[in-house]
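Written out below as structure tokens is the structure these notes cover.
What follows draws every value from the coordinates through simple rules; no lab data is involved. Note that the structure is predicted; figures quoted are calculated from it, not measured. Cβ: placed from backbone, ideal geometry, glycine included. Neighbour counts: every protein chain shown.
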Amino acid sequence: MRVAMIGTGYVGLVSGACFSDFGHDVVCVDKDASKIERLEQNIMPIYEPGLDALVEKNVKAGRLAFTTDLAKAVPGADAVFIAVGTPSRRGDGHADLSYVYAAAEEIAAAITTYTVVVTKSTVPVGTGAEVEAIIQKVRPDLKPGVHFSVASNPEFLREGAAIDDFKRPDRVVVGAQDDKARETMKELYRPLYINETPIVFTNRVTSELIKYAANAFLATKITFINEMADLCEKVGANVQQVAKGIGLDGRIGSKFLHAGPGYGGSCFPKDTLALVRTAQQHESPVRIVEQVVEINADRKKAMINRVRAMAGGDLSGKTIAVLGLTFKPNTDDMRDSPSLDLVPALIDAGATVRAHDPEGMEEAKKLLPDALVYCDGPYQAMEGADIAVILTEWTNYRALDLDRVKSLLSAPKIVDLRNVYDPAQMERDGFEYSSIGRPTTS
């Protein structure tokens, strides 16, 4: 099948590369000429394990190409995916759909044969209907279900594991209004039938809501275990054991029950806020999700208190080593990362901050204060520091040479916001150690 992917961001590039690996002919489109030029040189705009090799393989096979010219990519395509950004709109939290609507207008002008226009971007309920209306407005000669269809096919990709998630998904969700669109989408995902992947066909609005509901539920799970962690600290319980005890219940499950500094990234903060605004707009407030949004924002701001406590109440003049800046490991994504709250707060409190991240430092330089000192490795960051803070659970930080760490720090103090190390062992090794929701000794 012929596929055009509009947008070469995280979702568009991963999806396009994976579809081409299924055997489809894919053209990825982006208005950023420099990005397209770099992609043609196999230089990825994002860090995602295995993506560069996947792109290179399919470009060489002639199944994957890149262009800035949407008008040449769309004609003759069986499916055109809209995978452009939908950031939170400043001021009101609604999803900004201007890029989606602009893409729809350009696609409409370029359609020559029956085409399924698919929203891959995370979009609010009703966006598919609006895209359909835009296409009809631009091209009154095109009839829905005859000359084109609009479908919803939300992505469920985890950064750092996106290729595997695309090829071995828990499920594929497709929202379509007519059989012609459903058959096209079924054929597009036919390679997944070998793995017996569940493909859920529904209408567009249901598909759109599934995506928001899924992310809001996972964000709620994270926020719940974070609040349990705070309670554990008050009563002397261990949040990891609480998480295991409830996670073994098949009705609950063990995933997303890891206490930490709060969720971040490109999806959960944006999508929970957009769901809240959509629900308010339809006079059906989602009060649980409203609280999740508020609690998570407060939690990220409160992490400085844990570092301040380790410093004896005053951070002025202290040197803090921060290990990890991205919102999670195996990505260079800094969007809504806890570091965007913690690092500026530490600097504002008078601390010198030295940081390391295996992949995120170039992105961090665009977002964090100029006063932040970037280091080549975790040990360089900790040299002479008063406190080390583990902020992202990169593999690089999971097996640090603790004797070396102790020799580098001015005092053996670690604030572990990801519960990487065992509190009892750290105490035996002579560290003053603080983590999330766990007693010092078991």
15 Å Cα-Cα reach of residue 137 towards aspartates and glutamates, excluding residues that sit fewer than 8 places from it in its own chain | 105, 106
In whole Å, what three semi-axes, largest first, describe the equivalent ellipsoid of segment 98-246 built from its Cα gyration tensor (square root of 5 times each eigenvalue)?
-> 39, 18, 12
Considering only Cα-Cα distances, which of the following residue pairs are longer than 29 Å: 72/180; 270/413; 221/301; 255/406; 60/180?
-> 270/413; 255/406; 60/180
Tell me, how many Å apart are the Cα centres for segment 1-29 and for segment 134-164?
-> 13 Å
Can you list residues whose amide H is under 5 Å from residue 409's amide H, if they're 5+ apart or on another chain and H is modeled 1.01 Å from N?
-> 384
If N is the residue count of segment 2-202, its Cα Rg over 2.2 N^0.38 Å rounds to 0.96
At q = 0.07, 0.09, 0.11 Å⁻¹, what is the base-10 log of I(q)/I(0) for the chain according to the Debye formula with one equal point scatterer per Cα and no solvent? Please give it to two decimals.
-> -0.39, -0.63, -0.90
On each of the three principal axes of the Cα atoms of segment 70-177, give max minus min coordinate, whole Å, ordered largest first.
-> 42, 37, 27
Would you pull out the residues with amide H under 5 Å of residue 149's amide H, same chain only if 5 or more places away, H placed 1.01 Å from N?
-> 115, 116, 117
Taking H as built 1.01 Å from N, whose amide H comes closer than 5 Å to the amide H of residue 352, not counting residues under 5 places away?
-> 317, 318, 319, 320
Karplus-derived 3J(HN,Hα), 6.51/-1.76/1.60, for each residue of segment 380-394, Hz, glycine and proline x | 5, 5, 7, 4, x, 6, 7, 9, 9, 10, 8, 10, 10, 8, 4
Tell me, how many Å apart are the Cα centres for segment 362-407 and for segment 292-348?
-> 13 Å
How big is D, in µm² s⁻¹, for segment 244-434 by Stokes-Einstein at 37 °C and 0.692 mPa s if Rh is the Kirkwood radius over C-alpha pairs?
-> 186 µm²/s
Cross-link partners among aspartates and glutamates for residue 186, C-alpha distance below 14 Å, same-chain residues fewer than 8 apart left out?
-> 78, 178, 196
Going 7 Å from the Cα of residue 186 toward and past its Cβ, which residues in segment 145-161 have a backbone nitrogen under 20 Å from where you end up?
-> 145-154
GluC sites (Glu not before Pro) within segment 1-91: which are DSSP loop residues with at most 14 other Cβ atoms inside 10 Å?
-> none
Largest fluctuation, 235, 292, 276 only, Gaussian network model of the chain with Cα springs under 10 angstrom, belongs to 235
